[in-house]
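For reference, the structure discussed in these notes is given below.
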Amino acid sequence: MSEEEERKEGEVKKIKVGEIADDFKAGDDALNKLKIQNLDFILDIPLKVTVELGRATVLIKDILQLGQGSVLELNKLAGEPLEILVNGKLVAKGEVVVVNEKFGVRIKEIISPIERIETIK
């Protein structure tokens with residue numbers, strides 16, 4: 001290898017600090033766009049929301065005797081908040097409202113993340 005070729009191989013390219021910062025910024029922008037795309041993907045996942053009025057344990061023979069006008073007694077008292085479950089996990093409590101002649105639920109309490117974790121255990 002000639003002396004000139006060795007010198008070229010050992011050369012260090014001088015760059016400005018601003019160029020490096022621009023490269024990092026461009027990388028950050030790309031990363032942020034990727035994060036937003038991933039978040040958009042997650043935000044479009046459907047979840048099953050259930051509002052639970054109450055529960056009851058009933059024998060099969062009693063279920064077979066149910067007819068129009070029968071009443072099932074539930075474990076909740078009148079006026080107690082309804083439980084709002086997302087994919088079967090309690091996330092909030094609320095009360096019944098009517099919106100455009102349809103039932104709705106007004107959120108009265110959001111279950112804290114700590115309480116939600118405790119229900120998983």
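The values are calculated or read from the model by the stated rules, or taken from the named source; none is laboratory data. Just so it is clear, the model here is predicted, and its values are computed rather than measured. As a convention, Cβ positions derive from the backbone with ideal geometry for all residues, glycine included, and neighbour counts pool all protein chains shown.
Return yes or no: is Ala26 surrounded by 10 or more Cβ atoms within 10 Å (Cβ to Cβ), modelled with pLDDT under 95 and out of contact with any Pro (no Cβ under 8 Å at 6 or more places or on another chain)? Answer is yes for this residue. Within segment 89-108, can one find any residue that is more than 14 Å from the chain's Cα centre (by Cα) and at pLDDT below 90? Within segment 89-108, none of the residues are more than 14 Å from the chain's Cα centre (by Cα) and at pLDDT below 90. In segment 70-81, the residues that are within 8 Å of Ala56 (Cα to Cα) and surrounded by 11 or more Cβ atoms within 10 Å (Cβ to Cβ) form Cβ pairs under 8 Å with partners that are modelled with pLDDT under 95 and among the basic types (Lys, Arg), at six or more places apart or across chains, as follows: Leu74/Arg55.
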